[in-house]
1. Open to solvent by 70 Å² or more (accessible area, probe 1.4 Å) and at pLDDT 90 or above: which single residue out of C:43, C:17, C:4 fits that description?
2. Answer yes or no: is there a residue in segment A:397-409 that is among the charged types (D, E, K, R) and under 15 Å from residue A:316 (Cα atoms).
3. Just name the residue that is nearest to the other protein chains (Cβ to nearest Cβ) out of those in segment B:4-26 that are of a type in the set (Val, Ile, Thr) and surrounded by fewer than 14 Cβ atoms within 10 Å (Cβ to Cβ).
4. Please indicate, with yes or no, whether at least one residue in segment A:426-441 is over 23 Å from residue A:353 (Cβ atoms) and either open to solvent by less than 60 Å² (accessible area, probe 1.4 Å) or in a loop (DSSP other than H, G, I, E, B) (or both).
5. Looking at segment C:72-127 only, could you name the residues that are at pLDDT below 90, acidic (Asp, Glu) and in contact with a helix residue (DSSP H, G or I) (Cβ under 8 Å, 6 or more places away or on another chain)?
6. Looking only at residues that are within 17 Å of residue B:35 (Cβ to Cβ) and hydroxyl-bearing (Ser, Thr, Tyr) in segment B:75-92, which one is surrounded by the most Cβ atoms within 10 Å (Cβ to Cβ)?
7. Please verify whether residue A:295 is part of a helix (DSSP H, G or I), small (Gly, Ala, Ser), over 28 Å from residue A:113 (Cα atoms) and open to solvent by less than 10 Å² (accessible area, probe 1.4 Å), treating the condition exactly as stated.
Amino acid sequence: MSLLQQLPALQVAVPLIGAPLCALMGRPRLAWMFAVVVAWITFAISVALLEHVLDAGPIHYTMGGWPEILGIAYVIDPLNALVLVLVSGMAAIIMPATRIGINVEVVHRARHLFHTMALLALAGMLGIAITGDIFNLYVFLEISSLASYALVAMGIDRRATRAAFHYLVQGTIGATFILVGIGLAYMMTGTLNMADMAARLPGVSHTAPVQAALAFVLIGTAIKAAIFPAHSWMPNAYTYAPSLVSAFFGATATKIGAYMLLRLVYSVFGADYAFGEMKIGWVLVPLGLAGAVAGSIVAVWQHDLRRMLAYSSVAQVGYIAAAIGFANHDGLIAAIVHVFNHGLMKGALFLVMACVIMRLGKADMESFRGLGRRMPLTMGCFVVAGLSMIGVPATVGFISKWYLVSSALDAGLWPLALVIVGASLIAVIYIWRVVDVAYFTDPPPGARDEAPAMLVIPAVVLCALCIVLGVTTDLTVGVANTAARLLGGAP
Amino acid sequence: MNPVDFVIGHALQWGSVALLMIGLYIVMTRGNLIKKVAGLNIFQGGVFLFYISLSNVRDGTAPIVHEDAVLYTNPLPHVLILTAIVVAVATTSLALALIVRIRESYSSIEEDEMAKADLD
Amino acid sequence: MNEFILVRVVVKIMVPFILLFALYVQMHGDYGPGGGFQAGVIFATGIIVYTIVFGIRRAVEAVPMSAVMAMVCCGLILYAGTGFATMALGGEYLNYSVLDSADPVHGQHAGIIIIELGVGITVAGVLTAVFLVFAERRARR
């Protein structure tokens with residue numbers, strides 16, 4: 001087999017073998033260099049895969065050469081190719097910054113294992129995205145989750161361990177719910193391959209186990225994606241984790257949850273069954289929009305900015321959930337595009353927090369006083385990513401909001417379109433609060449003191465992407481369009 | 001199916017549902033972190049039992065190839081649940097490790113005492 | 001538990017056999033019940049029993065923490081490395097048939113044994129590491 005045909009396996013296997021090699025190196029500097037190389041190789045693979053999928057259609061890869069139905073198959077279509085690019089791209093952008101980042105924000109005795117855990121989390125998330133086997137999805141989910149609990153617990157604040165513990169308990173409950181759902185679906189179909197299961201489910205879809213399976217899977221993914229009101233693990237975890245970890249997980253972890261929801265609902269249970277017969281739209285839309293409004297409102301009152309961003313994530317995941325719940329073509333595009341776009345914005349915003357913490361030790365409202373003059377580049381990034389978060393035209397945020405509103409209108413629910421716009425206006429308040437403090441208050445004495453280039457450059461790159469991809473939408477919307485058509489769109 | 005058969009015929013499923021509920025109840029109501037972990041283990045135990053119950057084939061023997069055997073129980077759920085058990089072991093040990101660190105920094109493993117300590 | 005002579009003597013005799021039994025389960029895994037995971041657990045049990053009786057200090061002399069961590073990593077590398085080897089030989093990831101180009105069945109056999117060895121080493125390492133890390137913390141206090 002040629003290298004190109006091996007790419008799906010390499011996508012997961014490279015970071016997976018990189019993790020133990022990192023642990024064997026011992027010296028943090030060496031491990032960092034190695035992790036950066038691995039992350040960039042992974043990114044290159046995912047880009048190659050995306051290109052190949054767009055050219056030649058879905059790729060099927062069978063592990064161990066077993067027939068697809070018996071063994072574990074990796075299936076790559078435009079949807080998960082885009083998610084792979086997002087996850088590995090965020091890792092590639094953030095990983096270089098970890099060399100100095102971990103010196104400030106990671107407890108000393110855990111530093112030598114930081115990169116091992118980061119690569120494991122990366123491998124797990126890529127595995128979730130790439131696999132076409134439903135039990136394999138659970139295994140990768142647990143690999144990435146366990147690594148992320150450990151990463152959150154590496155925060156220097158003692159509350160980080162508490163946050164990690166709660167994350168662990170709730171994450172395990174979520175994953176176990178998914179496991180029960182998988183078991184029930186397996187019980188009725190006798191297969192674990194997603195495509196095979198999708199073909200067999202319609203025959204038994206009226207039975208109680210299948211209905212229960214959908215319910216279990218829905219609740220489990222809702223916890224993993226932090227859909228309101230199952231979001232309570234997220235604010236503490238993202239506030240007390242090292243900021244670079246928050247940046248990576250803020251950009252990817254909840255998105256992977258949203259991806260699982262999309263994949264399981266559309267490719268396994270089928271949109272007709274889930275939306276037509278079981279009417280999960282009636283759960284997702286109200287909860288999603290309630291989360292969007294509640295998350296934004298709570299974010300306005302936060303003193304710690306990382307907590308503010310975490311609540312803003314609750315709101316953004318709410319938009320994604322609502323977009324999935326509308327169950328029409330535009331909604332599907334909005335969900336996919338927002339998964340990608342929100343990853344870019346949240347990644348950039350948490351990187352800004354990492355820069356500020358690097359220089360000032362904390363990221364609360366006081367420390368942002370006069371920061372516009374003290375750290376102009378960092379604050380510039382905050383403004384750009386913040387505008388994108390609000391949904392100002394010519395940023396990526398606008399694109400996703402546009403499709404979201406249009407899908408609400410398509411579904412004939414124009415009052416909900418108003419709710420979406422209203423929730424976006426609340427985002428103006430919480431972003432403006434920070435901008436106001438940073439630019440229009442007198443700075444405390446001290447010269448210009450920009451964060452180190454290794455931290456600022458990734459933030460600048462992500463902000464640039466926020467604008468570039470907000471102007472040229474071929475990549476995100478184009479791919480999302482193909483993906484939405486392949487998934488089947490409206491019931 | 002008459003009600004008695006419905007209850008007795010699904011004994012394993014009822015058992016697993018009971019374990020799931022007990023576990024979830026403990027996780028939600030107890031403030032002690034060790035008890036939470038115990039509850040989580042009971043919760044996961046319910047899933048293990050559920051998967052094992054799936055594999056049962058009436059009159060089937062152990063899934064080892066043998067010339068006398070005609071009917072085997074389904075080995076796949078066993079393999080799946082072995083994976084899930086390994087995951088549960090990893091989760092439990094990570095949770096206990098976190099509790100050790102929490103105990104060192106808060107000198108308590110009670111939810112309400114920690115919340116009070118964080119407020120001070 | 002070092003003060004009980006009976007326990008000490010019995011454990012001293014038992015531990016080598018526990019470790020040997022672990023290797024038996026490991027190697028016999030493709031003919032009967034057994035395999036890497038079970039073998040790794042039994043192997044770790046041997047070390048853990050030794051630690052409980054003779055104390056953490058002597059146990060760490062016999063199996064230092066760095067060696068345990070190396071076990072964890074090497075097992076994983078052996079597993080994933082086999083996958084890379086099969087890819088290099090032109091098959092899919094973990095398609096053991098290509099390991100022996102003349103006789104694919106023999107290749108499958110060899111592949112399974114190597115993979116299970118990787119699993120066994122990692123499981124033994126992880127379980128030992130979990131126990132030793134917790135025990136060492138206690139000893140330091």
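1. C:17
2. yes
3. B:7
4. No, that holds for no residue.
5. C:92, C:100
6. Per the criteria, the residue is B:91.
7. Here the answer is yes, as residue A:295 does meet what is asked.
Residues are listed down the side, and each one gets a yes or a no for (1) over 22 Å from residue A:473 (Cβ atoms); (2) not hydroxyl-bearing (Ser, Thr, Tyr):
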residue: A:23; (1), (2): yes, yes
residue: A:50; (1), (2): no, yes
residue: A:53; (1), (2): no, yes
residue: A:68; (1), (2): yes, yes
residue: A:74; (1), (2): yes, no
residue: A:82; (1), (2): no, yes
residue: A:86; (1), (2): no, yes
residue: A:94; (1), (2): yes, yes
residue: A:103; (1), (2): yes, yes
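The values are calculated or read from the model by the stated rules, or taken from the named source; none is laboratory data. What you see is a predicted model; the values in this text were computed from it and never measured. Here the Cβ is made from the backbone with ideal geometry for all residues, glycine too, and neighbour counts use every protein chain on show. For accessibility, only protein heavy atoms count, side chains too; no ligands or nucleic acids. Shrake-Rupley method; radii C 1.70, N 1.55, O 1.52, S 1.80 Å.
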